[in-house]
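Remarks on the structure that follows.
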Amino acid sequence: MLEALTGTGLAVAAGLNAYIPLLLLGLAGRFTDVVQLPAGWAWLENEWVLGILAVLLVIEVVADKIPAVDSINDWLQTIVRPAAGGIVFGSGSGAQTVAVTDPEAFLASQQWVPIAAGVVIALVVHGLKMAARPAANALTGGAAAPVLSTVEDIGAVGFSILAIVVPVLVVVALLGLVIALPVLLARARRRRLSVEQR
């Protein structure tokens, strides 16, 4: 159960920013005893992988804060974020992977389930983010891009840390997000209507 919560929290974080949960999971596996990555996912601890993830994270953080560039970045990340969600759910949930030389054996082993779950979770979060960002940019003349991006990055760090350290709190964070999202959307809708009426 805790493994599923860990995987879910990491996949949600990957939907917001693909590189934060990958980097935090790799760093935690390499430098702490908090995370013991399964053998099939040990490559996440490699110094070259960590270095590449850090560079990609810097590029993502900068690109995501520039209006219009953030929307282009979201389109490019449509494959990356769900893939990252599958990787972090699979590795975070402790799923042992096998070489996919025999696809029938891989499918029969059910080892694809955590990976597929992570892909779906990250894709849903990414889709919501991708749909909201252009509307927020249009409503605010682009001023929302750096603010929303910063909030998303903080959320990705928060979900990743909770998932790794206290997975039970992932449920609380998800409930908070589900409750807050309609409230924020209603406020944005009211602001848009008030701007249109002027």
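The values are calculated or read from the model by the stated rules, or taken from the named source; none is laboratory data. Worth saying up front: this structure is predicted, and the values here are computed from it rather than measured. When we count neighbours, we look across all protein chains shown, and the Cβ atoms used for this are built from the backbone with ideal geometry, even at glycine.
The table below gives the values:
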item: Count of residues meeting criterion [farther than 21 Å from residue 118 by Cβ and either surrounded by 19 or more Cβ atoms within 10 Å (Cβ to Cβ) or touching a residue at least 24 places away in the same chain (Cβ under 8 Å) (or both)] in the range 149-184; result: 2
item: The lone exception for residue 54 - which of (1) exposed (fewer than 15 other Cβ atoms within 10 Å of the Cβ); (2) free of Cβ contacts under 8 Å to residues at least 12 places away in the same chain it fails; result: (2)
item: Pick from the range 172-198, criterion of a type in the set (Val, Ile, Thr) and modelled with pLDDT under 85, ranking: farthest from residue 22 (Cα to Cα); result: 195
item: Qualifying residue in the range 140-148 (condition: at pLDDT below 90, more than 18 Å from the chain's Cα centre (by Cα) and exposed (fewer than 14 other Cβ atoms within 10 Å of the Cβ)); result: yes
item: Search result, residues across the range 27-75 that are outside any loop (DSSP other than H, G, I, E, B), in contact with a Pro (Cβ under 9 Å, 6 or more places away or on another chain) and among the aliphatic types (A, V, I, L, M); result: none
